[in-house]
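Peer 1: After the structure tokens below, expect a handful of questions from me.
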Amino acid sequence: MARKKSNKNISLEDLKQLSPGKLILLAIIIIAGYFFNGELPSIFKTETPTQNQNQSQNTSGIIEGIVSKVVDGDTAVINVEGQDRRVRLLGVDTPETVHPNKPVQFYGKEASNFTKQSLTGRRVWLEYDASPLDRYQRHLAYVWLERPDSINENTIRRDMFNARLLLGGYAKVMIINPNRRYKDLFNKFQSEARSAGKGLWAGK
């Protein structure tokens, strides 16, 4: 008598017909298999699409993009090769305007409007530092208004938007380790704006 060929693939319909007790037993078997083999079946795997997508995106060198939206003074959405990247500008912190738990802060609207007028729809170039993403999976970058052929204090003052925010008094320095590439220059730019009483530093 011929034996029936067993089918190891369990469909969703098969699972629906199992009793609760058998489902629990199946779950135990699957979990035990994970500990022995080190891998869960694909049906039990979950992933965060944004995180996996961001990790696969290029963050080396100088990367060209178009600003599709400005969120606030120090955050923008930049389209790179057809994919949007939510970019948090490195080394700077502008006053809050869209925080769900904080009121609009002093000079926040001015900083947000300055960034919108300067960046919306514009071609820019992203420069990453040691750590390309933060814990919210936002990209962390310096945003250049012109592609930097050489990088020195003069070109940073003239063409890097992060620096323009500091020099105009629209932002304060905020360094998050390990992204410290321009820390000394940024502190210098902030001191200049403060001494001149610009923006945030008016009357101080």
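Peer 1: Quick one: net charge around Y107, please, counting Lys, Arg +1 and Asp, Glu -1 for every other residue with C-beta under 11 Å from its C-beta.
Peer 2: That sum, taken over residues with Cβ under 11 Å, equals +1.
Peer 1: So how strong a dipole does segment 53-204 carry about its Cα centre when Lys and Arg Cβ are +1 and Asp and Glu Cβ are -1, to the nearest 20 debye?
Peer 2: 380
Peer 1: How do 85-96, 105-116, 125-136 rank on mean C-beta neighbours within 10 Å, highest first?
Peer 2: 85-96, 105-116, 125-136
Read-outs throughout are calculated quantities, based only on the coordinates presented, and are distinct from any laboratory measurement. Because the structure is a prediction, the values reported are computed rather than measured. Methodologically, a virtual Cβ is constructed for each residue, glycine included, from the backbone with ideal geometry; neighbour enumeration extends over all protein chains shown.
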